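The values are calculated or read from the model by the stated rules, or taken from the named source; none is laboratory data. On a predicted model such as this, the values are computed, not experimentally measured, just so you know. Here the Cβ positions follow ideal geometry from the backbone for every residue, glycine too, while neighbour counts run over all protein chains shown.
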Amino acid sequence: MNAFLMRIALAAALTLAGAASAQDGEGSAPNGEALYQTHCAACHQSEGQGLGTFPALVDNAFVLGDEHELVDLVLHGRAAMPAFAGTLDDAEVSAVLTHVRSAWGNDAEAIDEALVSDVRGDGEEPEPVEVDLPDDWFELGEEAYLQSCAACHQASGVGIPGAFPAVAANPFVTGNADELLRLLLHGRAGMPAFGDNLDNDTIALIASYVRNAWDNEAHLVDAAMVEVVRGGGDLELDPTTPTFRPGAGN
Ligand code: HEC
Ligand code: HEC
């Protein structure tokens with residue numbers, strides 16, 4: 001809805017909700033009662049009593065409970081409950097939820113505009129990280145894996161039970177890249193160290209390959225990242241960080 005239409009809708013709702021608008025002296029501050037009647041009442045009903053599949057918001061533990069989850073639901077929706085992130089701004093979500101939490105005998109604290117802004121921020125896609133890898137990183141990684149790793153972990157990544165752990169469907173492999181790189185560089189128990197035999201480019205290719213071969217899926221690793229870990233540093237990358245995937249057209 002554009003700002004002009006929103007204002008017309010608000011004005012109409014304000015007329016209906018005369019009592020509520022009277023206590024809102026500041027004309028520009030969003031009016032929670034009016035917003036509720038405009039955006040929520042069609043389903044949850046004007047007194048929050050609910051109807052059929054539309055849950056009552058009166059005396060509802062979810063409504064009165066965790067503020068973060070409540071804001072998250074209204075911003076992002078759930079099943080037949082629409083998402084309002086694109087319709088209501090932070091001040092409006094704060095106002096409508098503060099109203100819902102204090103109307104009809106409900107008695108829970110106001111929802112702060114800053115909290116809405118925080119929760120909205122959480123939902124943003126993280127920026128993909130650039131990695132410096134050749135377009136055919138997957139094929140090159142596979143080649144290097146077959147040469148250095150497959151004798152123990154097998155070409156299919158399933159390992160040999162009791163002797164060599166699987167690297168397919170293994171959360172260690174798709175988890176924190178720092179730990180995987182430390183293991184490849186320095187070894188552990190029966191797992192040989194490759195830090196002296198393989199250069200950073202090859203270790204990056206193998207790590208990127210095992211993190212994405214079979215049904216594995218995790219961010220890619222390049223030589224600069226290997227160098228950081230080789231030097232004792234940390235990448236500080238979340239395992240779910242997306243990376244640009246060379247050769248995939250992104
Ligand atoms: C088109 C109908 C519709 C509209 C409009 C709507 N809701 Fe909902 N809402 C639902 C449905 C359906 C559910 C149940 C979702 C589910 O199945 O989990 C729901 C669930 C909820 C819940 C969770 C209740 C619980 O017990 O888990 C809250 C809180 C809520 N809505 C608040 C709002 C607010 C605030 C607005 C207005 C900004 C709004 N809804 C607008 C349909 C609607
Ligand atoms: C000589 C056999 C051998 C070779 C070659 C080998 N590994 Fe290993 N690898 C092992 C063994 C044994 C372990 C289990 C170490 C332990 O007990 O902690 C292991 C552990 C691992 C783990 C950890 C699994 C987990 O769940 O903790 C990964 C990942 C791994 N190897 C990857 C590789 C990669 C990639 C290569 C090639 C660069 C490679 N390995 C080469 C024997 C080998």
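Here is how the numbers come out for the structure above:
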{"item": "Any hit, the range 24-45, residues being among the polar types (S, T, N, Q) and either at pLDDT below 95 or in contact with a Lys or Arg (Cβ under 9 Å, 6 or more places away or on another chain) (or both)", "result": "yes"}
{"item": "Flag if residue 87 is in contact with a His (Cβ under 8 Å, 6 or more places away or on another chain) and surrounded by fewer than 17 Cβ atoms within 10 Å (Cβ to Cβ)", "result": "yes"}
{"item": "Which numbered condition residue 171 misses (of (1) under 27 Å from the mean Cα position of the chain (by Cα); (2) crowded, with 16+ Cβ neighbours inside 10 Å; (3) not small (Gly, Ala, Ser))", "result": "(2)"}
{"item": "Residues satisfying the stated conditions in the range 74-84, i.e. assigned to a helix (DSSP H, G or I) and either crowded, with 17+ Cβ neighbours inside 10 Å or of a type in the set (Phe, Trp, Tyr) (or both)", "result": "74, 75"}
{"item": "Residue satisfying condition, being at pLDDT 95 or above and in a helix (DSSP H, G or I), within set 119, 96", "result": "96"}
{"item": "Subset of the range 146-169 that is closer than 19 Å to residue 193 by Cβ and touching a strand residue (DSSP E or B) at 6+ places or on another chain (Cβ under 8 Å) - its residue that is nearest to ligand 1 (Cβ to nearest atom)", "result": "153"}
{"item": "Enumeration of residues in the range 60-73 that are of a type outside the set (A, V, I, L, M, F, W, C) and assigned to a helix (DSSP H, G or I)", "result": "67, 68, 69, 72"}
{"item": "Long-range neighbours under 7 Å by Cβ, at least six apart or interchain, first residue closer than 17 Å to residue 37 by Cβ within the range 84-106, second among the small types (Gly, Ala, Ser) and assigned to a helix (DSSP H, G or I)", "result": "95/32; 96/32; 98/32; 99/32"}
{"item": "Residue check, residue 89 out of contact with any Ser or Thr (no Cβ under 8 Å at 6 or more places or on another chain) and either more than 16 Å from ligand 1 (Cβ to nearest atom) or at positive phi (or both)", "result": "no"}
{"item": "Single residue of the range 197-235 satisfying the filter (within 13 Å of residue 181 (Cα to Cα) and charged (D, E, K, R)) that is nearest to the chain's Cα centre (by Cα)", "result": "211"}
{"item": "Yes/no for residue 135 being surrounded by fewer than 16 Cβ atoms within 10 Å (Cβ to Cβ) and more than 23 Å from the chain's Cα centre (by Cα)", "result": "yes"}
{"item": "Single unsatisfied condition, residue 132 versus (1) in a loop (DSSP other than H, G, I, E, B); (2) closer than 30 Å to residue 59 by Cβ", "result": "(2)"}
{"item": "Enumeration of residues in the range 188-240 that are polar (S, T, N, Q) and assigned to a helix (DSSP H, G or I)", "result": "200, 202, 208"}
{"item": "Filtered residues of the range 37-59 (kept if more than 6 Å from ligand 1 (Cβ to nearest atom), assigned to a helix (DSSP H, G or I) and touching a Gly at 6+ places or on another chain (Cβ under 9 Å))", "result": "41"}
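Yes/no matrix, rows are residues, columns are (1) buried (at least 21 other Cβ atoms within 10 Å of the Cβ); (2) charged (D, E, K, R):
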site	(1), (2)
199	no, yes
214	no, no
218	yes, no
222	yes, yes
233	no, no
236	no, yes
240	no, no
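Results for (1) modelled with pLDDT under 95; (2) at negative phi; (3) touching a Phe, Trp or Tyr at 6+ places or on another chain (Cβ under 6 Å), shown as yes or no for each residue.
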| site | (1), (2), (3) |
| --- | --- |
| 63 | no, yes, no |
| 68 | yes, yes, no |
| 130 | yes, yes, yes |
| 144 | no, yes, no |
